[in-house]
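Colleague: After the structure tokens below, expect a handful of questions from me.
The values are calculated or read from the model by the stated rules, or taken from the named source; none is laboratory data. Being a predicted model, the structure only gives us computed values, none of them experimental. Reconstructed Cβ throughout: ideal geometry from the backbone, glycine too, with neighbour counts over all protein chains shown.
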Amino acid sequence: MAESYVEHEVSHPALQHHFENLEQQREAGTLGMWVFLVTEIMFFGGMFLAYTLYRSKFPAAFAIASNHLDIKLGAINTAVLIFSSFTMAMAVYNTQVGKRRAQIISLVLTIVLGLGFLGIKAVEYYQKYEDHLIPGSLIPGNPFNPDPHEMHLTPGGSMQHVQMFYWIYFAMTGMHALHMIIGVGLLSFLLYFSVKGRYSPEYHNPVEVIGLYWHFVDIVWIFLFPLLYLLGRHTGGH
Amino acid sequence: MEEFIPPLPSRINYINAEYGLKSWLLTRDHKRIALLYLGSITFFFFIGGVYAMLIRLELLTPQGDLLQSTTYNKVFTQHGIIMVFFFLIPSIPATLGNFLVPMMIGAKDLAFPRINLLSWYIYMLGGGVTIYALLAGGVDTGWTFYTPFSTTFSNSYVVATGLGIFINGFSSILTGLNFIVTIHTMRAPGMTWFRLPLFIWAHYATSLVMILGTPVIAITILLLAFERLAHIGIFDPAVGGDPVLFQHLFWFYSHPAVYIMILPSMGVVSELIANFSRKNIFGYSFVAFSSLAIAVFGFLVWGHHLFVSSQSLYAGMIFSFLSFAVAVPSAIKVFNWTATLYKGSISFDTPMLYALGFIGLFTIGGMTGLFLATLGVNVHVTDTYFIVAHFHYIMVGGAIFGYLGGLHYWWPKISGRMYPDGWGRFSALLIFAGFNLTFFPQFVAGYLGMPRRYHAYPPEFQVFNVLSTAGASILAVGYLIPAVYLVWSMRYGKVAPGNPWHLPGLEWRTQSPPPTENFDYTPVVTWEAYEFAPPEEMEVVGKYHDQTAEKV
């Protein structure tokens, strides 16, 4: 049972001591992010289950409540996010081919688009606050109390069930927004090290991995937008 | 054959490489983190054990004399929460798994050493928040937190306890993530998937359950906390919410969580049975894939906790069938272990006693699990001591026997010292006897109708409870003995050689305790798992390392 040995390569400064080479380190980082994204899917999955259950239980109330969301702002935000996914992909590409200037510009654009999304989301939340649509006693002194003339309650829809929709809306979009905020933080970290010139065609794994995260957060929104905003649009709305 | 030369005490290893508190609290070495976990989970085990003793003492008599009902409710809840979330779930993966996964596959460390350390800090933070909740006034909902009691009616620290469990969940997720990535990307040259020790397969399956299940309990507890704090209505039937949705979400994690406890234990037992029979495991690939099958089926059976919770009868029938199905891969393991013993060269060292004990207890726990998967029987024994006995046979008899067996087996590697074998065998037998005396009478009491979670009970059940409390006292002594002699052996035990059991696994082909980077060189694997060479060749492996020790 003889043992033979594998020679170490001349090591890159970014190579951590416990990896054999950069290739192994890259594989581990990428797989780690994919596994993390699987946990994220399961995390959001609990809320998607609650959504499915209550939407099938209270279809009328959900359609009414959904029609009261601001579809224009939601659609603009969808476009903003899809475009940010494009700039993120450009950031990865430019890092891989070693175009540092283009890499920094792509990262800045992605951050700006991410912040733009969060700004528009904040405007939407503020509208809901003004219309007393924050569910339960989440905001003390501003209980859930929508104007019945604006909400157009049709037969079969109860205000309690409308509140259930808004709770799920805030839980899902709020959790999504939290992920966006973390994403902007990670991108700022990437930007800082890009300006310092850390990433190169040999070592660009952090850009790729954070890119994966960013695309994932975008995809969650791609599901949220139709499920929350486009529900029952065909029945008229306003 | 020459006398075996023990490694020189001056040899640098992971324990004496650095000194001082800071070198431990900021370590990224998976072996040191394993020891941090070992200390912490032992601490929580003893807290949970104190609650267990309080329960058993109260139930010694039919009247509620030692504890009143409100206190008793908190005691059994806190026993469950501490034992499940802070001992059983991290027990084997975070200690033995952390220590051995990189060593068994020939890696220097886990893929993400900093995340590994972070997971320990998250565990400690979650544990700290939970202990705060216990000291502030405790929680009385049962470890299951059923709504609407937990959201509306309970006057105890539900949110603080939930927060502790929520935080702790992330340590479990990060451990699972680290194992999966490590097993995929860090295997030494020649260490193919089918040369992996079965301990690794079991940990791979466990990690899958950890990463797929734990996020669901995280979101569930978050929803529960919002419901309790802001009365959102999601679990409140008064405004259209569904309390059974909580049960579905809760058990979607908490049933697979049982497999987080038992799968690593099965991995340990596979190692022990093969190695102490000095025989290749019977049906390696069946044992390996049965771990994955248990992980997959484990996610499809949560509904058997809801047979009496307004679940549709058809759903109940499907969940019943799937619960029977999960017994198949479990039985494959038991049969293969038994077949491995056949004509093996068996030695009854302490770890082997635990492994054989595991097979016995797991068989009883698994068989009664089939009773519970049967719709009619389940309705009869729901919320009785029959359930309590069943899950203690699986979770305590299964998880703790694997944990203690593994701890003894790898103790020479972990500490560099041998434990006292006589005391080891004695306490293994004591724990086996104490365990059965504690929990077997509960099957009978439960079948006769004694309900769980009450501090008082009709006098005809007293005989079972007296037996059970007597058993628990024996069990407590049984747990204390290893705690004492393992600590003792760290200083006074016989110095352990690199390969005290003369085994082929990679973790035995380095010194005890291992150096910080585990191996002097990246090993190249040219042998199958459990490929036992003639004794002379095994000696050569040990001697090779002692020669390098002398050179350094």
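Colleague: Identify the residue in segment A:189-220 that is crowded, with 22+ Cβ neighbours inside 10 Å and among the aromatic types (Phe, Trp, Tyr) and, among all such residues, is nearest to the chain's Cα centre (by Cα).
Modeller: Result: A:214.
Colleague: Mind checking which pairs have a first residue in segment B:166-191 that is within 7 Å of chain A (Cβ to nearest Cβ) and surrounded by fewer than 23 Cβ atoms within 10 Å (Cβ to Cβ) and a second that is assigned to a helix (DSSP H, G or I) and among the charged types (D, E, K, R), Cβ under 7 Å, 6 or more apart or different chains?
Modeller: B:185/A:27
Colleague: Moving on. Of the numbered conditions (1) away from chain A (no Cβ under 14 Å); (2) touching a residue at least 40 places away in the same chain (Cβ under 8 Å); (3) not hydroxyl-bearing (Ser, Thr, Tyr), residue B:244 fails exactly one; give the number of that condition.
Modeller: That leaves (1) as the condition not met.
Colleague: Right, another one. Determine whether segment A:204-215 contains at least one residue that is of a type in the set (Phe, Trp, Tyr), in contact with a helix residue (DSSP H, G or I) (Cβ under 8 Å, 6 or more places away or on another chain) and modelled with pLDDT of 95 or more. Break it down stepwise before answering.
Modeller: Here is the first cut: in segment A:204-215, the ones of a type in the set (Phe, Trp, Tyr) are A:213-214.
Of the ones still in play, those that are also in contact with a helix residue (DSSP H, G or I) (Cβ under 8 Å, 6 or more places away or on another chain) are A:213-214.
From what is left, the residues that are modelled with pLDDT of 95 or more are A:213-214.
Yes - at least one qualifying residue is present in segment A:204-215.
Colleague: Still on this structure, please answer the following. For segment A:155-174, give me each residue that is crowded, with 19+ Cβ neighbours inside 10 Å, in a helix (DSSP H, G or I) and within 14 Å of chain B (Cβ to nearest Cβ). Even if it seems obvious, please write down each step before you answer.
Modeller: Of the residues in segment A:155-174, the ones crowded, with 19+ Cβ neighbours inside 10 Å are A:157, A:161-173.
When the remaining residues are screened for being in a helix (DSSP H, G or I), the result is A:161-173.
Scanning segment A:155-174 gives A:161, A:162, A:163, A:164, A:165, A:166, A:167, A:168, A:169, A:170, A:171, A:172.
Colleague: Let me ask something else about it. Check B:453, B:417 and return the single one that is surrounded by fewer than 24 Cβ atoms within 10 Å (Cβ to Cβ), in contact with an Asp or Glu (Cβ under 9 Å, 6 or more places away or on another chain) and of a type in the set (Lys, Arg).
Modeller: On the way: B:417 fails: in contact with an Asp or Glu (Cβ under 9 Å, 6 or more places away or on another chain).
So the residue among B:453, B:417 that is surrounded by fewer than 24 Cβ atoms within 10 Å (Cβ to Cβ), in contact with an Asp or Glu (Cβ under 9 Å, 6 or more places away or on another chain) and of a type in the set (Lys, Arg) is B:453.
Colleague: Next up: Condition first: over 13 Å from residue B:206 (Cα atoms), among the hydroxyl-bearing types (Ser, Thr, Tyr) and either crowded, with 24+ Cβ neighbours inside 10 Å or modelled with pLDDT under 95 (or both). Now tell me which residues in segment B:254-274 satisfy that.
Modeller: B:270
Colleague: Hey, can you tell me all the residues within segment B:448-467 that are within 24 Å of residue B:141 (Cα to Cα) and in a helix (DSSP H, G or I)? Lay out the reasoning, then the answer.
Modeller: So the first thing to find is which residues in segment B:448-467 are within 24 Å of residue B:141 (Cα to Cα), and the list is B:449-458, B:465.
B:465, the sole residue that qualifies.
Colleague: Can you find even one residue in segment B:284-296 that is within 14 Å of chain A (Cβ to nearest Cβ) and either in contact with a helix residue (DSSP H, G or I) (Cβ under 6 Å, 6 or more places away or on another chain) or at pLDDT 95 or above (or both)? Talk me through it step by step, then tell me what you get.
Modeller: Just the residues of segment B:284-296 that are within 14 Å of chain A (Cβ to nearest Cβ), to begin with: B:295.
Next cut, either in contact with a helix residue (DSSP H, G or I) (Cβ under 6 Å, 6 or more places away or on another chain) or at pLDDT 95 or above (or both) only: B:295.
Yes, that holds for at least one residue.
Colleague: Can you name every residue in segment A:51-74 that is under 24 Å from residue A:118 (Cβ atoms) and either touching a residue at least 12 places away in the same chain (Cβ under 8 Å) or within 13 Å of chain B (Cβ to nearest Cβ) (or both)? Give the derivation first.
Modeller: In the first step, residues of segment A:51-74 are kept if they are under 24 Å from residue A:118 (Cβ atoms); the result is A:51, A:65-66, A:68-74.
Hits for segment A:51-74 are A:51, A:65, A:66, A:68, A:69, A:70, A:71, A:73, A:74.
Colleague: How many residues, within segment A:18-35, are among the aromatic types (Phe, Trp, Tyr) and either over 24 Å from residue B:299 (Cα atoms) or free of Cβ contacts under 8 Å to residues at least 60 places away in the same chain (or both)?
Modeller: 1
Colleague: Could you tell me which numbered condition residue A:78 fails, if it satisfies all but one of (1) surrounded by 15 or more Cβ atoms within 10 Å (Cβ to Cβ); (2) within 14 Å of chain B (Cβ to nearest Cβ); (3) closer than 30 Å to residue B:220 by Cα?
Modeller: (2)
Colleague: Determine whether residue B:212 is at the interface with another protein chain (Cβ under 9 Å from one of its Cβ atoms), out of contact with any Leu (no Cβ under 8 Å at 6 or more places or on another chain) and aliphatic (A, V, I, L, M). Give the steps one after another, and end with the answer.
Modeller: Working: at the interface with another protein chain (Cβ under 9 Å from one of its Cβ atoms): yes; out of contact with any Leu (no Cβ under 8 Å at 6 or more places or on another chain): yes; aliphatic (A, V, I, L, M): yes.
It is true that residue B:212 is at the interface with another protein chain (Cβ under 9 Å from one of its Cβ atoms), out of contact with any Leu (no Cβ under 8 Å at 6 or more places or on another chain) and aliphatic (A, V, I, L, M).
Colleague: Quickly run through segment B:332-390 and pick out the residues that are crowded, with 19+ Cβ neighbours inside 10 Å, within 23 Å of residue B:313 (Cα to Cα) and either free of Cβ contacts under 8 Å to residues at least 40 places away in the same chain or aliphatic (A, V, I, L, M) (or both).
Modeller: Within segment B:332-390, B:372, B:373, B:381, B:387 meet the criteria.
Colleague: Can you find, within segment B:135-165, the residue that is nearest to the other protein chains (Cβ to nearest Cβ) among those that are in contact with a helix residue (DSSP H, G or I) (Cβ under 6 Å, 6 or more places away or on another chain) and more than 20 Å from residue B:84 (Cβ to Cβ)?
Modeller: B:151
Colleague: Based on what the data block shows, is residue B:58 touching a Gly at 6+ places or on another chain (Cβ under 8 Å) and not basic (Lys, Arg)?
Modeller: Details: touching a Gly at 6+ places or on another chain (Cβ under 8 Å): yes; not basic (Lys, Arg): yes.
For residue B:58, the condition - touching a Gly at 6+ places or on another chain (Cβ under 8 Å) and not basic (Lys, Arg) - is met.
Colleague: Can you pull out the residues in segment A:94-114 that are under 17 Å from residue A:218 (Cβ atoms) and surrounded by 16 or more Cβ atoms within 10 Å (Cβ to Cβ)?
Modeller: Taking segment A:94-114 first, the residues under 17 Å from residue A:218 (Cβ atoms) are A:106-107, A:109-114.
Passing the criteria: A:106, A:107, A:109, A:110, A:111, A:113, A:114.
Colleague: If you don't mind, another one. Show the residue pairs that are 6+ apart or on different chains and have beta-carbon atoms under 9 Å apart, the first residue being within segment B:98-114 and within 12 Å of chain A (Cβ to nearest Cβ) and closer than 16 Å to residue B:264 by Cα, the second being modelled with pLDDT of 95 or more and not in a loop (DSSP other than H, G, I, E, B).
Modeller: B:102/B:30; B:102/B:31; B:102/B:182
Colleague: Quick check on residue B:225: is it out of contact with any helix residue (DSSP H, G or I) (no Cβ under 6 Å at 6 or more places or on another chain) and closer than 30 Å to residue B:77 by Cα?
Modeller: Details: out of contact with any helix residue (DSSP H, G or I) (no Cβ under 6 Å at 6 or more places or on another chain): no; closer than 30 Å to residue B:77 by Cα: yes.
So residue B:225 fails the test.
Colleague: Count, please, the residues in segment B:483-507 that happen to be crowded, with 21+ Cβ neighbours inside 10 Å and modelled with pLDDT of 95 or more.
Modeller: Number of matching residues: 2.
Colleague: Looking at segment B:27-50, can you tell me whether even one residue there is surrounded by fewer than 22 Cβ atoms within 10 Å (Cβ to Cβ) and farther than 22 Å from residue B:121 by Cα?
Modeller: Yes, the conditions are met somewhere in segment B:27-50.
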